[in-house]
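Notes follow the structure.
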Amino acid sequence: MLEGLRTREDRPAQIGSRLFMEALFEGHPYARDPIGTVQTIPTLSKATLDDFHHRIIRPKDAVFVLTGNAHIDAWCDALNHIPQSQPKGEGFKKVALSSTLKTDVFRFHELKKEQTHIMVGWRGLTLTDPSRYALQVAQAVLAGQGGRLFIELRDKKSLAYSVGPMSMDGVDSGYFGAFIGCAPEKGETAIAMMRSEIEKLATTSIPKIELDRAVRYLIGSHDLGLQKASAVSSSLLFNEIYGIPGEEIFQYADRVRAVRAEDVQALIARIIEAPSVTVAVGPRAPWKAEGGSK
């Protein structure tokens, strides 16, 4: 684990992701490094792990999912005794988020690389927010070689080595934004253009041909991802754990098709009303002194 931490410190994208989460979710568990730190990892012991297993991984919180060609009655008969012998589960507990950011945040981490990795984002949606389908459509409009970010920043302006949208839906909140890998001297222009493309989603209705293309892509990717029984089981399992109706995975196409251009526009406008977090990892020279450093 310690070796993994040391290796990560030479990777701009991983450093950027950590700093982004720390700034966007300060004071919340999302801000913590899931791998741990050089201070905490050496303190782990067998007793610590045993205590964690006893308190967290308990039979009363178990979820069982069965998918595929199976004798349902036989499985039910075999499993029915388990809930009768175990206490009722407690369900997933939410953690209160810290207060929203009061102003835009910029964090810079100096790393002697030829490329600068940049992330720009805002707090997003929860796993159960009905608007999450509209956010997925927005992301699809921005993503891929036919997406707005690639066309505008890479094809037309030659700003990017890599560029794309980023989003996560969380139990307590998520995030939405964009990332880019670019030459250091192009960093400030890249930030301005990523913001501009996201702001266009909030101010201009998506043309029908573009909306339809995004919807087809999402439905196709979703259906392709559920071709294996293991993928169906995984989706059902996590829906149950996080309080999402299991049948939603089979209603995905209808829910995405129901998204209108005005839904996307209103959602993005609401998201980017809040302050943003921008993180840059790379050489120092191009960045203004007032940007700060972490």
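Key figures
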| quantity | calculated |
| --- | --- |
| Whichever residue in the stretch 125-137 is in contact with a helix residue (DSSP H, G or I) (Cβ under 7 Å, 6 or more places away or on another chain) and either among the aromatic types (Phe, Trp, Tyr) or part of a helix (DSSP H, G or I) (or both) and, among such residues, is nearest to residue 211 (Cα to Cα) | 137 |
| Odd one out for residue 220 among (1) at pLDDT below 95; (2) of a type in the set (Gly, Ala, Ser); (3) loosely packed, with under 13 Cβ neighbours inside 10 Å | (1) |
| Breaking point among (1) crowded, with 19+ Cβ neighbours inside 10 Å; (2) at pLDDT below 95, for residue 141 | (2) |
| Number of the condition not met by residue 227 [criteria: (1) without any contact (Cβ under 8 Å) to a residue 24 or more places away in the chain; (2) in a helix (DSSP H, G or I)] | (2) |
| The stretch 197-214, residues that are of a type in the set (Val, Ile, Thr), in a helix (DSSP H, G or I) and touching a residue at least 60 places away in the same chain (Cβ under 8 Å) | 198, 203 |
| The stretch 10-21, subset surrounded by 12 or more Cβ atoms within 10 Å (Cβ to Cβ) and charged (D, E, K, R), residue modelled with the highest pLDDT | 18 |
| Within the stretch 138-183, considering residues that are in a helix (DSSP H, G or I) and in contact with an Asp or Glu (Cβ under 8 Å, 6 or more places away or on another chain), the one nearest to residue 249 (Cα to Cα) | 141 |
| Number of the exception - residue 287 against (1) modelled with pLDDT of 95 or more; (2) more than 22 Å from residue 127 (Cβ to Cβ) | (1) |
| Neighbours by Cβ (under 7 Å, 6+ apart or cross-chain): first from the stretch 8-20, closer than 11 Å to residue 116 by Cα; second in a loop (DSSP other than H, G, I, E, B) and polar (S, T, N, Q) | 12/115 |
| So residue 181, is it touching a residue at least 40 places away in the same chain (Cβ under 8 Å) and of a type outside the set (D, E, K, R) | yes |
| Looking only at the stretch 170-180, and only at residues there that are buried (at least 18 other Cβ atoms within 10 Å of the Cβ) and at pLDDT below 95, the one that is nearest to residue 194 (Cα to Cα) | 174 |
| Among (1) within 29 Å of residue 172 (Cβ to Cβ); (2) outside any helix (DSSP H, G or I), the one test that residue 194 misses | (2) |
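The values are calculated or read from the model by the stated rules, or taken from the named source; none is laboratory data. These figures come from a predicted structure and were not determined experimentally. So basically every Cβ, Gly included, is an ideal-geometry build from the backbone, and we count neighbours across all protein chains shown.
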